[in-house]
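Student: Structure in structure tokens, see below.
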Amino acid sequence: MPVEIARERLRDGFLPALSRACLGLVQARATALAVGPLVLLRFGEPRWIGDCWSWSIEGGLLARRPIGRLLLGWRGGQLVSAVVGYAPRLPVWLYRLTQLPLHHLVTRRALRLLAGGGQEPREG
């Protein structure tokens, strides 16, 4: 990403960008991602820590327990996202085969949407 995105835009736009990346099947709420009435992941309020936003993972159907953090920020001129300490509800081997690749795909697409001002850049 050649142009750094404002901190406030990262904070306010990331969850809605995730929803758009999921073609609207997953809805962004103030501090949650949901499908209809089912909360997939619930987050704490975002906090700016050093060079990134940090949302605590506080529960939801995809979390085994309230532990871990979602991080989003700029490092070395690149827009980066990471999940640390997350405890998925699925067994680890099944999570790695199913949910983890989907998380990577959706997050990359959401970051592209966020950086492009709402339009996903064309590839190629």
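The values are calculated or read from the model by the stated rules, or taken from the named source; none is laboratory data. Source: prediction; values computed, not measured. Accessible surface is based on the protein model in full, side chains and every heavy atom, while ligands, DNA and RNA are left aside. Shrake-Rupley method; radii C 1.70, N 1.55, O 1.52, S 1.80 Å.
Student: Tell me, what is the per residue accessible area of the chain in Å², probe radius 1.4 Å?
Tutor: Per-residue value: 60 Å².
Student: What area, in nm² and to one decimal, does the C-alpha convex hull of the chain cast on average over all directions?
Tutor: So the mean shadow area of the Cα hull is 7.9 nm².
Student: Would you look at the GNM of the chain, springs on alpha carbons closer than 10 Å, and say which of 77, 59, 68 moves the most?
Tutor: In the Gaussian network model the winner is 77.
Student: Another question, then. Determine the share of segment 26-120's accessible area contributed by carbon and sulfur atoms, expressed in whole percent, with a 1.4 angstrom probe.
Tutor: 61 percent
Student: Continuing with the same structure: Name the residues whose placed amide hydrogens come within less than 5 Å of the amide hydrogen of residue 64, ignoring near sequence neighbours (fewer than 5 apart) on the same chain.
Tutor: Counting only residues 5 or more places away or on other chains, the set is 87, 89.
Student: Report the full-extension gain for the segment residue 30 to residue 48: residue separation times 0.36 nm, less the Cα-Cα distance, to one decimal in nm.
Tutor: Working it through step by step, the gained length comes to 4.8 nm.
Student: Which whole-number percent gives the relative contact order of the chain, counting Cα pairs below 8 Å spaced six or more residues apart?
Tutor: Relative contact order comes out at 22 percent.
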